[in-house]
Amino acid sequence: MKKLSKVQQKQQAIVINVADMLEQQAREEIPGMLQCWFDVEYHLFPGSLILCFQFEDAQTLEAAKPDLLKWQKRLSAAMLKKGVILKDMRRHLTFTLQGPED
């Protein structure tokens, strides 16, 4: 894997910080939420950022779907506080049953 530049390291730190914060909040507020993971290509940041909330089963996923927009807004607000503007917040956060290795 190619070494990240200083700018990319700063971007990575922002993403990890925001993902950790949202994961902690989600575990407290959403039953059945297992983990938060992300995928990003730093040379296309922030457009390539995808944050995923992984759920334990389809039932808990369906129960959480009405709150998806709320969590997308929280991601957008948290990134904005760090100086990163997400143009289309709906593209950057999803609820899923898949893990990072799937």
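The values are calculated or read from the model by the stated rules, or taken from the named source; none is laboratory data. This one's a predicted model, so the numbers in the text were calculated from it and none came from an experiment. Just so you know, the surface numbers come from the protein's heavy atoms only, side chains and all, with ligands and any DNA or RNA stripped out. Shrake-Rupley method; radii C 1.70, N 1.55, O 1.52, S 1.80 Å.
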Which ³J(HN,Hα) values, rounded to whole Hz and listed in residue order, are derived for the stretch 84-99 from phi using the Karplus coefficients 6.51, -1.76 and 1.60 in 6.51 cos²θ - 1.76 cosθ + 1.60 with θ = phi - 60°, glycine and proline given as x?
10, 9, 9, 5, 10, 4, 5, 7, 9, 9, 9, 9, 8, 9, 7, x
Taking amide H positions as placed in the peptide plane 1.01 Å from N, state which residues far from Gln35 in sequence (5 or more) or on other chains have amide H under 5 Å from it.
Gln54
Accessible-area composition of the chain, carbon plus sulfur, in percent [1.4 Å probe]:
52
Note, the stretch 58-69: 3J(HN,Hα) by Karplus (6.51, -1.76, 1.60, θ = phi - 60°), whole Hz, Gly/Pro = x, goes 4, 5, 5, 5, 4, 5, 8, 3, x, 8, 4, 4
Taking the solvent-accessible surface of protein heavy atoms with a 1.4 Å probe, what is the per residue accessible area of the chain in Å²?
64
Which log10 I(q)/I(0) values, to two decimals, does the chain give at q = 0.13, 0.19 Å⁻¹ under the Debye formula with one point per Cα?
-0.45, -0.92
Using θ = phi - 60° and the Karplus curve 6.51 cos²θ - 1.76 cosθ + 1.60, what whole-Hz ³J(HN,Hα) does each residue of the stretch 40-47 get, with Gly and Pro shown as x?
8, 10, 5, 6, 10, 5, x, x
Restricting to Cα pairs below 8 Å that are 6+ residues apart, what does the relative contact order work out to for the chain? Please round to a whole percent.
28
Student exercise: in the chain, how many lysine pairs 8 or more apart or on different chains have Cα atoms under 18 Å apart?
10
